[in-house]
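Take a look at the structure below.
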Amino acid sequence: MRVLVIGSGAREHAIISALLKDDSVTSVVAAPGNAGIAGVVETVAVDAADPDAVAALALSLGVDLVVVGPEVPLVNGAADAVRAAGIACFGPSAAAAQLEGSKAFAKAVMAEAGVPTAMARVCASLADVEQALDQFGSPYVVKDDGLAAGKGVVVTDDRHAAIEHASACLARGGDARVVIEEYLDGPEVSLFAITDGTTVVPLQPAQDFKRVGEGDTGPNTGGMGAYSPLPWAPAGLIADVTERVLQPVVDAMARRGTPFSGLLYAGLAMTSRGVRVVEFNARFGDPETQVVLANLRTPLGGVLLASAQGRLADLPPLQWEPGFAVTVVIAAQGYPGTPRSGDIITGLEEAAELAGVDVLHAGTTVNDDGAVTASGGRVLSVTAHGDSLVQARERAYAAVDLIRLEGSHYRRDIAARAAES
């Protein structure tokens, strides 16, 4: 099986690393990839946001399966274009990807499916926003209705900051909307499921760290680290969420005539009143993918192809490696604002040589002198596997300490509380 992976982040690097361990995968091509991905597979240029360009590339390469990593190509219809070209594709249609593309749409599907979630109001004006803020009270939760690269949510006790974020979202004009929600207490959990539109196969749960600063301080980011599995998760969590959330949503999408095939990501809050859905994504999440796939023993390529071909029910249960995985994101100076690019990264080979460590690239490129440099906000995901969560953390941070990137920053408390307890 020849596979084309669309995307350029650490998520795609993790997917490619898993595919290369699958004996059924004969070759992998990445488009556009990054400096780290180019070190292990062929990379080609493509405008990933252009569905026709993605389909044309897949045809020209003669691949058997296309795996679409990022959300923008999916919302734009990349999976539709690839399937129309007669090639199997792992990823939902544009219509189904609206589960991530529009939070208002996701709320409507959840209501239809009877999925537990936060009360919410969809607002198209600042007057509506102010009424909704009064209705739900503090802490205020304000979400951009559309895609925002993981940074469209503000949770704050500051009413002025809440209104300011809503105003910025609405300022895009057109059909711009914001969603105001009640605040959900309790820790958050990410649970992925691979589905073919009928069968749902859940993966191991993970927890990511969205705030830029230690102790969950500062603004939201795309994610500064993650770990999996969760030693503190209640027994039966996966089965409960599959029965009450994932399967009902997949069934509801099928009834609507927009079956969801691909990766359904449920962001959950473990509240004092039980599990509640915070959001859905329509693709593998980053950085949770890095740790979830690090623990997966079952060959990934066969599972993704079965999803694309509607054959998940024929597969045996997934198998997992014992132990834990931790990933720590190294971010460029200025992130999550305007990141600085062009700085040289050193220590990558030394870090990757450590036991149980995989250095996954996100925002990297190679300069004219052949040096790896930073080219994005989240630059690297340093991922480590260990027999215990403590060992996985120690390995990850030992690797991080070997890497040098001027002005970079990372959190030292990824999975610390869980490891200590």
Return the total of residues in the range 345-377 being crowded, with 16+ Cβ neighbours inside 10 Å and under 23 Å from residue 229 (Cα atoms).
-> 9
In the range 1-51, what residues are in a loop (DSSP other than H, G, I, E, B), under 23 Å from residue 292 (Cβ atoms) and in contact with a strand residue (DSSP E or B) (Cβ under 7 Å, 6 or more places away or on another chain)?
-> 1, 8, 20, 25, 33, 34, 41, 48
Got a number for residues in the range 147-188 being within 25 Å of the chain's Cα centre (by Cα), of a type outside the set (A, V, I, L, M) and under 21 Å from residue 269 (Cα atoms)?
-> 11
Kindly state which strands (runs of 3 or more DSSP E) lie completely within the range 106-218 and contain at least 2 residues that are in contact with a Cys (Cβ under 8 Å, 6 or more places away or on another chain) and of a type in the set (A, V, I, L, M, F, W, C).
-> 178-181
Taking the range 182-237, which residues are aromatic (Phe, Trp, Tyr), within 17 Å of residue 276 (Cα to Cα) and modelled with pLDDT of 95 or more?
-> 192
For the range 52-93, which residues satisfy the criterion of being part of a loop (DSSP other than H, G, I, E, B) and either without any contact (Cβ under 8 Å) to a residue 24 or more places away in the chain or within 22 Å of residue 293 (Cβ to Cβ) (or both)?
-> 63, 64, 69, 70, 86, 91, 92
For the range 257-265, indicate whether the set of residues that are in contact with a strand residue (DSSP E or B) (Cβ under 8 Å, 6 or more places away or on another chain), within 27 Å of residue 410 (Cα to Cα) and modelled with pLDDT of 95 or more is non-empty.
-> yes
The number of residues in the range 73-118 that are of a type in the set (Lys, Arg) and within 18 Å of residue 249 (Cβ to Cβ) is 2
Determine which single condition residue 285 fails, assuming it passes every other condition in (1) within 13 Å of the chain's Cα centre (by Cα); (2) farther than 23 Å from residue 186 by Cβ.
-> (2)
Matching residues in the range 249-308 - criterion: being assigned to a loop (DSSP other than H, G, I, E, B), out of contact with any Phe, Trp or Tyr (no Cβ under 9 Å at 6 or more places or on another chain) and either crowded, with 24+ Cβ neighbours inside 10 Å or in contact (Cβ under 8 Å) with a residue 24 or more places away in the chain (or both) | 256, 258, 259, 260, 272, 286, 299
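The values are calculated or read from the model by the stated rules, or taken from the named source; none is laboratory data. Nothing here was measured: the structure is a model prediction, and the numbers come from that model. Counting neighbours? That spans all protein chains shown, and the Cβs are built from the backbone with ideal geometry, glycine included.
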